[in-house]
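Trainee: This is the structure, below, for whatever I ask next.
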Amino acid sequence: MDEEDFSASSSKQYYPYYPHPQPHPSATGTTTTTPTSIHHAFETSEFSTFSPARDLTFDFSGKWATDILLETATAIADRNSGRFQQLMWMLNELSSPYGDTDQKLGSYFLQALFNRMTDSGERCYRTLASVSEKTCSFETTRKMVLKFQEVSPWTTFGHVACNGAIMEAFEGESKLHIIDISSTYCTQWPTLLESLATRTDETPHLKLTTIVATKNGGAPGSITSGTAASVQDIMKEIGNRMEKFARLMGVPFKFNVIHHGGDLCELDLSKLDIKEDEALAINCVGTLHSIRAVDNRRDMMISNFKKLQPRIITVVEEEADLDVGVDGMEFVKGFQECLRWFRVYFEALDESFARTSNERLMLERAAGRA
């Protein structure tokens, strides 16, 4: 299935840092790593005297953003407000969402740290997601997803491996049902429809139920953007095009979408409409990392899926745990892993896209929200 058939400001922006943090509408964070309680914010009495004369020495010839951001996270863990204020001021001066990789990392993580200190992450995330909806349409999303998969193996490799395993598990079955829990806008399934159409035995009936979670709004490998309303419009158009392509391939096909607005661990499995005579597969791409790694919630979700007795469960995930700890060194360790992972992602975008690419800007902003 070709792409067209499936589709049928350079100025520097800063995010001002205030010595006494106040909620700032331009800052951002995520609902997954920013707790909603206020115990992370410094109390006024805990701030030490701001000392701009303190020696700050960093090597700006290399990956300076990593050094400064880790120092800032350590200052938060140590509750060293003077050091924290110095480093935030430095990040504000050096960072830009339109610069090189280090400047972008500095800019987006500056926003996230500021949100953590002011406990404004969820509110600012909702604001940024609402802004992204204004430019989120089926056409812009189509171009972004297809271009990302054209230049990057991040999702394509996972799709190919999962499809091969699903086809093997479904061999000889006449009624198939795939539960798809991912945020790559069904780009995995046209090639599987082609494979089903060329099977040597009778062409099976395929039902595809796609679970669209709109809570987190984008991360590497999980390139959803926009709010629930815009995603619903996009999925409706995708469903129409998938059904059209299935008819072209001669595959009996039914497409369902379930929009889920909370933690995926709380998904109501009774809505999946699974029939006894269907061979079931569950496909999870970029799913588990969106569930917080507390109280064995990820294991619980997989256990719930197993109760449905699927022929196969396929899982594709990033090799990173982006769940930031609450306080102290747990927070620093989790922050360091997030920083490492997002550097890899931004560097990959830098190698794959032109600097002025609209698709690259959309992906970077989605990563910034994450």
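The values are calculated or read from the model by the stated rules, or taken from the named source; none is laboratory data. Here the structure is a predicted model, which is why all the values come from computation and not from measurement. Backbone-built Cβ (ideal geometry, glycine too); neighbour counts: all protein chains shown. Accessible surface areas use protein heavy atoms only, side chains included; no ligands, DNA or RNA. Shrake-Rupley method; radii C 1.70, N 1.55, O 1.52, S 1.80 Å.
Trainee: Can you pull out every residue in the stretch 289-301 that is surrounded by fewer than 16 Cβ atoms within 10 Å (Cβ to Cβ) and either in the same structural domain as THR72 (by the TED database) or of a type in the set (A, V, I, L, M) (or both)?
Mentor: ALA293, VAL294, MET300, listed by residue number.
Trainee: Continuing with this model, one more query. Sort out which residues of the stretch 324-338 are buried (at least 16 other Cβ atoms within 10 Å of the Cβ) and either among the aliphatic types (A, V, I, L, M) or modelled with pLDDT under 70 (or both), and write them in order of number.
Mentor: Within the stretch 324-338, VAL324, VAL332 qualify.
Trainee: In this structure, is CYS186 under 22 Å from ILE234 (Cα atoms), outside the structural domain of ALA354 (by the TED database) and of a type outside the set (Val, Ile, Thr)?
Mentor: Details: under 22 Å from ILE234 (Cα atoms): yes; outside the structural domain of ALA354 (by the TED database): yes; of a type outside the set (Val, Ile, Thr): yes.
Here the answer is yes, as CYS186 does meet what is asked.
Trainee: Could you list all residues from the stretch 273-288 that are surrounded by 14 or more Cβ atoms within 10 Å (Cβ to Cβ) and at pLDDT 90 or above? Give the derivation first.
Mentor: Of the residues in the stretch 273-288, the ones surrounded by 14 or more Cβ atoms within 10 Å (Cβ to Cβ) are 274, 278-288.
Of everything in the stretch 273-288, those that are surrounded by 14 or more Cβ atoms within 10 Å (Cβ to Cβ) and at pLDDT 90 or above turn out to be ILE274, GLU278, ALA279, LEU280, ALA281, ILE282, ASN283, CYS284.
Trainee: Right, another one. Condition first: in a loop (DSSP other than H, G, I, E, B) and on the phi > 0 side of the Ramachandran plot. Can you find one or more residues in the stretch 161-173 that meet it? I'd like the intermediate steps shown before the answer.
Mentor: So the first thing to find is which residues in the stretch 161-173 are in a loop (DSSP other than H, G, I, E, B), and the list is 170-173.
Then drop every residue that is not on the phi > 0 side of the Ramachandran plot, which leaves 172.
Yes: the stretch 161-173 contains one or more residues that are in a loop (DSSP other than H, G, I, E, B) and on the phi > 0 side of the Ramachandran plot.
Trainee: Among the residues of the stretch 166-221, which ones are hydrophobic (A, V, I, L, M, F, W, C), at pLDDT below 90 and either surrounded by 23 or more Cβ atoms within 10 Å (Cβ to Cβ) or in contact with a Phe, Trp or Tyr (Cβ under 7 Å, 6 or more places away or on another chain) (or both)?
Mentor: ALA213, ALA219
Trainee: Go through (1) touching a Gly at 6+ places or on another chain (Cβ under 6 Å); (2) open to solvent by less than 30 Å² (accessible area, probe 1.4 Å) for ALA112 and report which single condition fails.
Mentor: Going through the list (1) touching a Gly at 6+ places or on another chain (Cβ under 6 Å); (2) open to solvent by less than 30 Å² (accessible area, probe 1.4 Å), ALA112 breaks only (2).
Trainee: Might you let me know whether the stretch 94-106 holds any residue that is open to solvent by 40 Å² or more (accessible area, probe 1.4 Å), assigned to a helix (DSSP H, G or I) and aliphatic (A, V, I, L, M)?
Mentor: Yes, the stretch 94-106 contains a residue that is open to solvent by 40 Å² or more (accessible area, probe 1.4 Å), assigned to a helix (DSSP H, G or I) and aliphatic (A, V, I, L, M).
Trainee: Name every residue in the stretch 304-331 that is part of a helix (DSSP H, G or I) and more than 15 Å from ILE181 (Cα to Cα), in order of residue number.
Mentor: Residues of the stretch 304-331 part of a helix (DSSP H, G or I): 304-306, 328-331.
Across the stretch 304-331, the qualifying residues are GLY328, MET329, GLU330, PHE331.
Trainee: Return yes when MET362 is touching a helix residue (DSSP H, G or I) at 6+ places or on another chain (Cβ under 6 Å), part of a helix (DSSP H, G or I) and over 23 Å from THR187 (Cα atoms) and no when it is not.
Mentor: no
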